[in-house]
Structures are given as C-alpha cells and as structure tokens.
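The values are calculated or read from the model by the stated rules, or taken from the named source; none is laboratory data. As the structure is a computational prediction, the values presented were derived from the model and not from experiment. Note that we place each Cβ from the backbone using ideal geometry, even for glycine, and neighbour counts take in every protein chain shown.
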C-alpha cells in the first residue's frame, strides 16, 4: 500500500485535495495552501491541473495522462472549440464554473510540450491502472461519486487517490468534505462501474519519479 498522506475535501476541491496528496507523497514539506496557490485556485470554482502539473514536472516527476479531452485543440483554438465535443450540459457547466476558462490555453501548450508529459487521448483500462500501480506510480482517477456510493442519480465527477489494488478490492483516499474517507475500500467491480462504465470520458493520471 502506498503511504500517501490524506487531505480532506475543503468544499468542491476534491481535485486540489488529490493534487496536494500527490505532491506531499513526493515532497512531504508542501502544504494544501501552497498547492492551492500554485494551482491558482479560486474558491467556488472547479480547478484544472495544468499549473500544478507544470510545477511538479519541473521538480522531476513524469506524468502520463489518459483523457479524451482534446487538449491540443483547446490549446490551439480555445475552449470554445470543444463545444461540439462535450456531452449534454458538460460544456455549459465547465464554462460557468471555471475561473477565466480561456486563460488555460498557454498552460496547456506548455504541458503538452514538457519533456516529462505523456498524453494518451484514449480511454484508460483497469489494466492501465494496475500496471501503473505495480510500477509504484501514484495514480489519480476521476469517477462518478454517485455510482461509487451505490446510488442512482446525476453523475458527480470526483477525483480519488489510489493506495492499493488486490484481486478483489481497491483501496483509495476519498476526499470528502463532511465525511472524510481515508483508506476507503471497495469491491473492484463497483469501482470499475463508477469509473469506466458510468463516464463517457474516464480519466487516469499517473505520476512517477524520474529515475536518475
């Protein structure tokens, strides 16, 4: 099991909580407040990882990102160019809940050009997750919190931090605001449903120390 310190959700900040957990695994001295500043977090808005990625890659961490979002197009033509690629209300939600959505294009260009970044514009598989974890990588997964809690209803995107994978169970830090759940254990089939079946665009972000 990876010894990743837990950081609870401080209110719609599951991604920032996971970025903090990842950063503290490699660099124990960093704080939530430092990562929030690095990430240019604005309370009440969703957060994107591009600024955090640039910071941690500059410190010698390699990132492999599995994501169906067309980052090249976003970087070249702005977020508006992705309107026809978004499902349902996704585009509207992102625009309304992201601080200055058009300010990210330059960061994305830098991320895509960074020597420590590998972008796989494809759906991740559970085997991709297992392979990365077995290499000792830190893995962040974006899934549906509603399905993860065995409930019916609207999809709620939620980021978690993987700690351990066995034949039957997966253990992960689940950053919640009112009910923090460090080292949460769930059946692998439920986890797969919440991650790979419920989402049109499941995401997997893999962080690895570059070996000298």
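So, in the range 95-104, of the ones that are surrounded by fewer than 16 Cβ atoms within 10 Å (Cβ to Cβ) and touching a residue at least 24 places away in the same chain (Cβ under 8 Å), which residue ends up farthest from residue 52 (Cα to Cα)? Walk me through how you get there before you give the answer.
Of all residues in the range 95-104, those surrounded by fewer than 16 Cβ atoms within 10 Å (Cβ to Cβ) come to 95-97, 99-100, 102-103.
If we keep only those that are touching a residue at least 24 places away in the same chain (Cβ under 8 Å) as well, we get 97, 99, 102.
On the way: 97: 19, 99: 16, 102: 17 Å.
Residue satisfying both the conditions and the ranking: 97.
To keep it simple, each residue is scored yes or no on (1) touching a helix residue (DSSP H, G or I) at 6+ places or on another chain (Cβ under 8 Å); (2) at pLDDT below 95; (3) farther than 21 Å from residue 200 by Cβ.
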| residue | (1), (2), (3) |
| --- | --- |
| 10 | yes, yes, yes |
| 38 | yes, no, yes |
| 45 | yes, yes, yes |
| 84 | no, yes, no |
| 87 | no, yes, no |
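Scoring residue 180 on the criteria (1) touching a helix residue (DSSP H, G or I) at 6+ places or on another chain (Cβ under 9 Å); (2) surrounded by fewer than 16 Cβ atoms within 10 Å (Cβ to Cβ); (3) touching a residue at least 24 places away in the same chain (Cβ under 8 Å) leaves a single failure, condition (1).
The set of residues in the range 89-125 that are within 20 Å of residue 155 (Cα to Cα) and touching a helix residue (DSSP H, G or I) at 6+ places or on another chain (Cβ under 6 Å) comprises 91, 95.
Looking only at the range 124-147, count every residue that is in a helix (DSSP H, G or I) and crowded, with 23+ Cβ neighbours inside 10 Å and tell me the total.
Of the range 124-147, the ones in a helix (DSSP H, G or I) are 126-134, 145-147.
This time we only want the ones that are crowded, with 23+ Cβ neighbours inside 10 Å, so: 129.
Number satisfying all stated conditions: 1.
Within the range 68-88, residues that are touching a residue at least 60 places away in the same chain (Cβ under 8 Å) and on the phi < 0 side of the Ramachandran plot have Cβ atoms under 8 Å from residues that are in a helix (DSSP H, G or I) and buried (at least 17 other Cβ atoms within 10 Å of the Cβ) in these pairs: 69/82, counting only partners at least 6 apart in sequence or on another chain.
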